[in-house]
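First comes the structure, then the notes that go with it.
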Amino acid sequence: MVLETEGHVGADGVREALAGALAAHPVTLAPLRISLLSGRPYWAAPVCADAAAGRAVGGAFSCDDLSQMCPPGQGGGADARWEEHLERLCLERYVPRWGLEGGANLRLEQYLLPDGRTRFRLLWPHFLMDAEGAQWFFREIDRCFGSRGGRAEQTGDGAKRKETVEAALLPDGAAMDLLAGSSFLERVRLCRRGFSLQTDAKGLEISALASGREAAVESLGLIHRCWSARELEAIHAAAKGTTPAGPALYARHLAACVVRALHRLYGEQGARTAGYLITFPMRPAGGRDLDVRPVHGNYLVSPVLCARRELALDRQALGESILRQLGEYRRRQGDSAQWAMVWAASFLRASYYDLIFRLPLGFERLSTGFSYYGEIGRPIRSFCGARVVNFLGGGPLGTPPGWNPVFSRWHDRLNLSLTWNRPQIADGLAARYAALIEAEVFATA
């Protein structure tokens with residue numbers, strides 16, 4: 001997740017604020033352990049969060065001064081030189097596997113850029129927190145920056161630590177039972193339903209453009225697009241003109257654009273498939289209000305939408321199919337069913353996880369990732385004393401499919417981040433995919 005600001009921010013203050021935020025949320029410092037008795041994973045929170053944060057922050061924070069790399073305003077290749085260097089630096093620092101032996105479970109990188117700008121990049125393993133939690137953690141860093149020179153007030157017994165957490169956040173360890181009120185038998189029934197939620201793809205031969213699950217990911221590719229307020233208005237107009245009315249209109253429009261772009265790409269590559277499977281992550285509707293939550297945790301469910309090949313270029317038919325599938329998912333309480341599956345999996349020993357995904361249980365082979373998310377209830381407009389000008393994020397996905405387009409809404413902007421795995425996905429193929437998605441996003445007919 002990337003946060004861009006106007007103005008340079010002192011690295012010492014940011015480092016101190018990060019240490020305060022880590023101490024305020026000890027799960028970010030907790031190594032992942034497996035219980036010898038139950039075989040279940042758990043976060044081993046440190047006894048003294050302040051001391052653990054002080055030790056971990058050195059490895060969790062870095063600052064690179066690129067402000068003098070090229071004089072601003074030269075135009076042409078000179079202005080782009082630092083952007084290319086920054087992208088190369090960020091991708092070189094990406095590691096496919098996250099070390100969970102100790103230290104912080106996340107990393108904050110700060111880059112001082114030309115024209116007095118600063119870019120912050122937050123990295124973390126996805127099972128630690130979702131995009132919403134990451135936004136809240138940025139807010140926690142900012143809160144710590146504004147209190148006592150960057151450190152939140154802490155005490156050994158943690159009594160004051162709870163007071164530092166914003167009203168919209170629950171302290172670490174707070175129970176979040178999204179199936180509250182459901183009996184054990186009801187949860188079992190919901191879990192069984194989860195295996196039969198998506199029926200549109202039944203019997204279809206789904207093929208991916210990228211294969212090679214066994215091949216190691218050598219590096220990550222990234223393309224970013226940012227559309228202004230005026231362009232966002234054009235996107236909204238295109239969505240209203242081409243997408244059936246209903247809930248999540250813009251998300252459904254963007255999902256259809258990804259499907260249509262993928263269909264065109266398959267045609268250009270001479271590849272055949274009976275349909276396309278796409279994720280559609282969302283908040284679960286059941287359970288307690290997720291506007292009040294801890295920073296950590298991944299509170300997402302995701303229907304897998306199927307677009308049959310013959311519908312992919314028919315905007316009306318594709319839009320109606322997506323709307324119907326989401327309506328069926330809600331009608332059958334798909335979000336609760338998927339959450340019940342997670343609940344059931346939590347009783348398994350960790351050694352069984354890989355086996356579960358190898359069994360013929362009907363897990364779909366995705367054609368592409370997809371995600372669309374907006375801002376948290378208290379949007380981030382300033383960070384560590386600097387004005388925020390953009391906020392975006394994305395992340396890698398396993399192969400296949402090996403690529404993941406993520407749309408994020410910030411204030412009056414819309415961002416697209418496409419990540420892909422190298423060498424499974426060729427750079428030219430990914431660039432063409434991004435170009436086709438952009439063309440579809442603005443298409444009005």
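Which of the residues that make up the stretch 291-322 are without any contact (Cβ under 8 Å) to a residue 40 or more places away in the chain and either surrounded by 19 or more Cβ atoms within 10 Å (Cβ to Cβ) or under 20 Å from I376 (Cβ atoms) (or both)?
Listed by number, the residues that qualify are V301, S302, L311.
Need the failing condition index for A443 against (1) within 30 Å of Q316 (Cα to Cα); (2) out of contact with any helix residue (DSSP H, G or I) (no Cβ under 8 Å at 6 or more places or on another chain); (3) of a type outside the set (D, E, K, R); (4) modelled with pLDDT under 90, just the number.
(2)
Given the condition closer than 26 Å to E132 by Cβ and either modelled with pLDDT under 90 or not assigned by TED's automatic domain parsing to the domain that holds L254 (or both), answer yes or no: does some residue in the stretch 329-339 qualify?
There is no residue in the stretch 329-339 that is closer than 26 Å to E132 by Cβ and either modelled with pLDDT under 90 or not assigned by TED's automatic domain parsing to the domain that holds L254 (or both).
Those residues that are out of contact with any helix residue (DSSP H, G or I) (no Cβ under 8 Å at 6 or more places or on another chain) and assigned to a loop (DSSP other than H, G, I, E, B), I need them from the stretch 299-332; list them, please.
Result: L300, D314.
How many residues does the stretch 205-241 contain that are at pLDDT below 85 and over 16 Å from A430 (Cβ atoms)?
Residues flagged as at pLDDT below 85 and over 16 Å from A430 (Cβ atoms) within the stretch 205-241 amount to 4.
Looking at the stretch 356-412, which of its residues are outside any loop (DSSP other than H, G, I, E, B), farther than 28 Å from L265 by Cα and not aliphatic (A, V, I, L, M)?
If the condition is that a residue be outside any loop (DSSP other than H, G, I, E, B), farther than 28 Å from L265 by Cα and not aliphatic (A, V, I, L, M), then F357, R358, S382, F383, R387, N390, F391, W410 are the ones that fit.
Among the numbered criteria (1) under 19 Å from G133 (Cα atoms); (2) in contact with a strand residue (DSSP E or B) (Cβ under 7 Å, 6 or more places away or on another chain), which one does V292 miss?
It fails just one condition, (2).
Do we find a residue being more than 16 Å from A434 (Cα to Cα) and of a type in the set (V, I, T) anywhere in the stretch 400-420?
The answer is no; no qualifying residue exists.
For residues in the stretch 197-242 being part of a loop (DSSP other than H, G, I, E, B), in contact (Cβ under 8 Å) with a residue 40 or more places away in the chain and among the polar types (S, T, N, Q), which is farthest from L89 (Cα to Cα)?
Per the criteria, the residue is Q198.
Just one of (1) in contact with a Ser or Thr (Cβ under 9 Å, 6 or more places away or on another chain); (2) part of a helix (DSSP H, G or I); (3) modelled with pLDDT under 90 trips up Y353, so point out which.
Y353 satisfies every listed condition except (1).
Does Y250 qualify as being at pLDDT 95 or above, within 27 Å of A168 (Cα to Cα) and not basic (K, R)?
yes
Could you identify the single residue in A175, A168, A180 that is free of Cβ contacts under 8 Å to residues at least 40 places away in the same chain, closer than 30 Å to A285 by Cβ and either in contact with a Lys or Arg (Cβ under 6 Å, 6 or more places away or on another chain) or surrounded by fewer than 17 Cβ atoms within 10 Å (Cβ to Cβ) (or both)?
From the options A175, A168, A180, the qualifying one is A175.
Residues being in a loop (DSSP other than H, G, I, E, B) and exposed (fewer than 12 other Cβ atoms within 10 Å of the Cβ): count how many of those fall in the stretch 183-196.
Of the residues in that region, 2 qualify.
Against the conditions (1) of a type outside the set (D, E); (2) surrounded by fewer than 17 Cβ atoms within 10 Å (Cβ to Cβ); (3) modelled with pLDDT of 85 or more; (4) out of contact with any strand residue (DSSP E or B) (no Cβ under 7 Å at 6 or more places or on another chain), where does S62 fall short? Just the number, please.
(4)
The values are calculated or read from the model by the stated rules, or taken from the named source; none is laboratory data. Just so it is clear, the model here is predicted, and its values are computed rather than measured. Positions of Cβ are generated from backbone atoms using ideal geometry, with glycine treated the same way; all protein chains shown enter the neighbour counts.
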